[in-house]
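What follows is one structure encoded as structure tokens, with my remarks underneath.
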Amino acid sequence: MSVVIAVQATPLVIFALQTDGLAYLGRLLGVGAPSISPLAWALALVVAVVYSGLSMRSLPFIREHVLDINALKFLAIVFAFVTGTFEEYFFRKWIMDWLSRREASIAVQIIVSGVAFGVVHAVWGLVGGRLRAAFMSMIFTTALGLALACVYLLAGRQLAPAAWSHILVNLAIEPWLLLGVMALRQGPTGATA
């Protein structure tokens with residue numbers, strides 16, 4: 001988690017340094033940003049609750065540990081804020097706005113953003129050494145990416161609702177998802193699978 005935090009925090013710091021600092025990052029998260037549709041916030045909350053609930057339902061390890069509080073969970077809080085902000089900036093704001101400037105349709109923007117998000121997240125299944133897990137991770141995170149792309153558009157291309165939705169998902173399921181992935185490498189006897 002520390003490596004992911006460092007890698008994804010670096011561009012956020014660079015963006016902040018190239019703009020007006022923390023105020024820019026604050027606006028990405030809705031602080032001092034123009035008014036955002038309550039419908040966008042509502043959809044963001046529904047996406048976070050549904051995705052987190054499905055994750056807990058399909059991965060018992062997450063459900064069993066969701067209320068555990070320890071040092072790793074505190075690191076996961078930092079992880080949630082950094083990854084939720086950076087990934088939404090990249091997959092929604094950067095990719096979708098870039099496609100929009102090239103006059104790609106809304107459907108293309110949503111699909112490219114969602115599929116790119118899913119493909120990148122397939123890495124967690126590959127880290128676990130399981131192709132099926134990589135494929136399922138890609139499918140579920142593509143669905144999340146598609147939903148977050150819709151949230152981004154409903155918010156008038158303001159990032160805050162999608163970013164907070166992503167942050168809430170990560171707060172709910174991490175670090176247990178990452179620990180579950182690492183456990184995939186262990187077979188039933190503890191041997192590497």
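The values are calculated or read from the model by the stated rules, or taken from the named source; none is laboratory data. Since the model is a prediction, treat every value here as computed from it, not as a measurement. Here the Cβ positions follow ideal geometry from the backbone for every residue, glycine too, while neighbour counts run over all protein chains shown.
Among residues of region 134-147 that are more than 15 Å from SER52 (Cα to Cα), those with a beta-carbon under 6 Å from a residue that is surrounded by fewer than 22 Cβ atoms within 10 Å (Cβ to Cβ) and not aliphatic (A, V, I, L, M) at least six positions away or on a different chain give the pairs ALA134/GLY125; MET138/GLY118.
Among the residues that make up region 41-52, is at least one of them aromatic (Phe, Trp, Tyr) and touching a Leu at 6+ places or on another chain (Cβ under 6 Å)?
Narrowing region 41-52 to residues aromatic (Phe, Trp, Tyr): 41, 51.
Imposing the further condition that a residue be touching a Leu at 6+ places or on another chain (Cβ under 6 Å) reduces the set to 51.
Among the residues of region 41-52, at least one is aromatic (Phe, Trp, Tyr) and touching a Leu at 6+ places or on another chain (Cβ under 6 Å), which makes the answer yes.
What number of residues within region 12-57 satisfy the criterion of being of a type outside the set (A, V, I, L, M), assigned to a helix (DSSP H, G or I) and at pLDDT 90 or above?
Step one: filter region 12-57 for residues of a type outside the set (A, V, I, L, M), giving 15, 18-21, 24, 26-27, 30, 32, 34-35, 37-38, 41, 51-53, 55, 57.
Now narrow it down to the ones that are assigned to a helix (DSSP H, G or I): 15, 18, 24, 26-27, 38, 41, 51-53, 55, 57.
Add one more test, that the residue is at pLDDT 90 or above, and what stays is 38, 41, 51-53, 55, 57.
Of the residues in region 12-57, 7 are of a type outside the set (A, V, I, L, M), assigned to a helix (DSSP H, G or I) and at pLDDT 90 or above.
Within region 84-104, residues that are over 21 Å from SER52 (Cα atoms) and in contact (Cβ under 8 Å) with a residue 24 or more places away in the chain have Cβ atoms under 7 Å from residues that are surrounded by 21 or more Cβ atoms within 10 Å (Cβ to Cβ) and not polar (S, T, N, Q) in these pairs: LYS93/LEU159; MET96/ALA149; MET96/TYR152, counting only partners at least 6 apart in sequence or on another chain. Suppose we keep only residues that are touching a residue at least 12 places away in the same chain (Cβ under 8 Å) and not in a helix (DSSP H, G or I) within region 58-67. Which one would you say is nearest to THR85 (Cα to Cα)? Taking the candidates together, the pick is VAL66.
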